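Enquirer: Structure below; questions to follow.
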Amino acid sequence: MNRLLSSWRARQRYDGSQFTLAIASAQVIALLGAIPGFLSIAFNAEFNQPQLVSLSRVMPVMFLLSVALTMYLSWRITPSARKRLDDIASGKTALDRRAELNAWREATSFTVRFGLAAGLVFFVLNVLPAIYLTAAQGTVISSPFQPTSLTSPIPIYILMGGTASILGWSILFVLLTERFTRPLRLILVPSDFETQLKGRAGALVVGKFLILILALIAIGILLIAPIGYQQTVRILYAEVSSLDVFRDLRSQTILFSLLALVLGVGYSYYVSRSISDPINELIETFNKAELGDLSVRAPVSATDELGIVTMHFNRTMARLEALQNTLEQQVAERTKLLEASNEVGRVAASSLDPDELRERVINLFTEQFGYYFAAIYLLDPSEKWAEIREANGDVGKLLKQNRQKHEVSGRSMVGSAIREKAARIAQIASEEKNRYQNPLLPYTRSEIALP
């Protein structure tokens with residue numbers, strides 16, 4: 001994993017329980033988004049006594065059941081993520097690619113999946129029972145001045161206000177959950193680029209904006225629409241003055257417009273932060289890279305367009321860092337070889353004794369260039385044989401004692417180099433046909449002969 005993520009994991013010790021705690025906190029705070037819908041029901045629905053009794057008995061139980069069921073759902077759809085967090089917190093270093101991929105996929109797709117599931121749960125267990133109870137115990141609005149009567153619209157108010165509450169809660173929950181679980185997603189980011197891309201399962205930025213805009217429009221309609229209908233019913237069927245009706249209409253319209261505006265501002269702020277924060281982090285990483293630090297990596301906490309750009313940027317930085325390290329290593333190796341060559345030349349120019357010169361040069365070859373065996377052969381007076389004159393190590397001593405020699409016209413790389421007056425190089429010694437296989441040098445993998 002890159003250095004940024006490693007240092008993050010070193011500082012933070014989150015486990016699987018933190019995921020559940022973040023979800024529970026987001027659920028509680030997200031209830032603020034449901035307040036406008038509750039107020040819409042309170043202002044527009046005039047419950048009779050049987051309805052109030054039934055709702056007070058049933059709805060608290062249904063609400064607690066909804067919370068318990070949603071928490072159970074959050075626990076059921078994040079097993080891999082919670083297990084990986086527990087493993088990281090306990091210090092387990094064994095890496096399972098499939099487990100890593102599953103954990104990353106769960107972490108990035110959780111908010112959208114759970115937001116939809118939780119919204120459906122609350123609608124089925126809270127809104128529908130309330131509609132049924134009020135419709136079953138509803139009254140008929142009638143007036144002696146009107147030839148017709150009207151069934152109480154309370155179930156409609158509950159449907160519209162309840163839907164607005166669920167939409168407001170769901171959007172705020174998704175935004176808060178993305179914010180609260182961001183440190184956990186940073187920990188769960190896979191170690192390689194391919195797994196990061198393969199595990200992308202979150203919503204894209206365009207989809208987020210479309211959902212937000214449509215949800216805000218729907219919330220505004222659901223909050224404002226019942227007001228006019230309710231005041232019209234009051235004018236027709238209740239003994240209320242027109243002045244009171246218009247005063248209530250004005251105050252409620254202003255109130256719910258302001259509430260819709262506050263929701264829009266709050267949601268827009270969190271959505272903009274979810275986009276601006278990754279951009280600022282990416283810019284900060286760019287600035288560090290421009291200063292020459294190619295080890296920096298931008299944090300990857302999502303799989304939307306910005307997350308994909310960040311993944312590609314990190315991969316590019318990793319490749320540049322590897323290239324830089326390779327070049328530095330090559331420069332160091334070339335510098336070492338140049339220094340060794342200079343040392344051989346210096347030694348060759350510092351001695352006039354041929355025997356001493358050969359011995360020092362051979363030792364420098366093996367020490368400076370890392371060869372495990374080197375030898376010097378000289379032609380005899382007949383120029384038909386190349387006899388060994390200097391070699392390193394115990395093998396070299398044995399070969400000098402035996403006065404090993406190669407026939408110039410024979411089958412050996414030494415003879416070929418002398419005969420052709422050119423260097424002979426065998427990258428893979430076993431594949432060289434014109435080569436003498438010395439049983440005393442079984443570890444030879446490559447060989448070079450210089451005339």
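Enquirer: Among the residues that make up segment 90-107, is at least one of them of a type in the set (A, V, I, L, M, F, W, C), surrounded by fewer than 15 Cβ atoms within 10 Å (Cβ to Cβ) and over 18 Å from the mean Cα position of the chain (by Cα)?
Expert: Checking segment 90-107: at least one residue is of a type in the set (A, V, I, L, M, F, W, C), surrounded by fewer than 15 Cβ atoms within 10 Å (Cβ to Cβ) and over 18 Å from the mean Cα position of the chain (by Cα).
Enquirer: Which one is least open to solvent (accessible area, probe 1.4 Å) among residues in segment 53-77 that are among the hydroxyl-bearing types (Ser, Thr, Tyr) and more than 15 Å from Phe173 (Cβ to Cβ)?
Expert: Ser54
Enquirer: May I ask you to list the residues in segment 411-436 that are surrounded by fewer than 12 Cβ atoms within 10 Å (Cβ to Cβ) and either hydroxyl-bearing (Ser, Thr, Tyr) or within 15 Å of Ala375 (Cβ to Cβ) (or both)?
Expert: The one that is surrounded by fewer than 12 Cβ atoms within 10 Å (Cβ to Cβ) and either hydroxyl-bearing (Ser, Thr, Tyr) or within 15 Å of Ala375 (Cβ to Cβ) (or both): Ser430.
Enquirer: Residues of segment 124-138 being part of a helix (DSSP H, G or I) and either at positive phi or surrounded by fewer than 18 Cβ atoms within 10 Å (Cβ to Cβ) (or both), which ones?
Expert: Within segment 124-138, Val124, Leu128, Pro129, Ile131, Tyr132, Ala135, Ala136 qualify.
Enquirer: If you don't mind, there's one more thing I want to ask. Let me confirm something: among Asn438, Asn434, which residue is modelled with pLDDT of 80 or more, more than 30 Å from Leu338 (Cβ to Cβ) and not in a strand (DSSP E or B)?
Expert: Asn438
Enquirer: For Thr111, which of the numbered conditions (1) of a type in the set (S, T, N, Q); (2) more than 17 Å from Ile187 (Cβ to Cβ); (3) open to solvent by less than 30 Å² (accessible area, probe 1.4 Å) fails to hold?
Expert: (2)
Enquirer: Scan segment 352-374 residue by residue and report those that are aliphatic (A, V, I, L, M) and either in a helix (DSSP H, G or I) or open to solvent by less than 70 Å² (accessible area, probe 1.4 Å) (or both).
Expert: Across segment 352-374, the qualifying residues are Leu357, Val361, Ile362, Leu364, Ala374.
Enquirer: I'd like to know if segment 296-306 contains one or more residues that are closer than 21 Å to Glu194 by Cβ, at pLDDT below 80 and in contact with a Ser or Thr (Cβ under 8 Å, 6 or more places away or on another chain).
Expert: Yes, that holds for at least one residue.
Enquirer: For the list (1) at pLDDT below 75; (2) assigned to a helix (DSSP H, G or I); (3) open to solvent by 60 Å² or more (accessible area, probe 1.4 Å), I need the number of the one condition that Val233 fails.
Expert: (3)
Enquirer: Given Gly168, Gly220, Gly207, which one is under 30 Å from Trp104 (Cα atoms) and at pLDDT 80 or above?
Expert: Gly168
The values are calculated or read from the model by the stated rules, or taken from the named source; none is laboratory data. These numbers were taken from a predicted model, which means no experiment stands behind them. Methodologically, a virtual Cβ is constructed for each residue, glycine included, from the backbone with ideal geometry; neighbour enumeration extends over all protein chains shown. Side chains included, ligands, DNA and RNA excluded: accessible areas come from the protein's heavy atoms. Shrake-Rupley method; radii C 1.70, N 1.55, O 1.52, S 1.80 Å.
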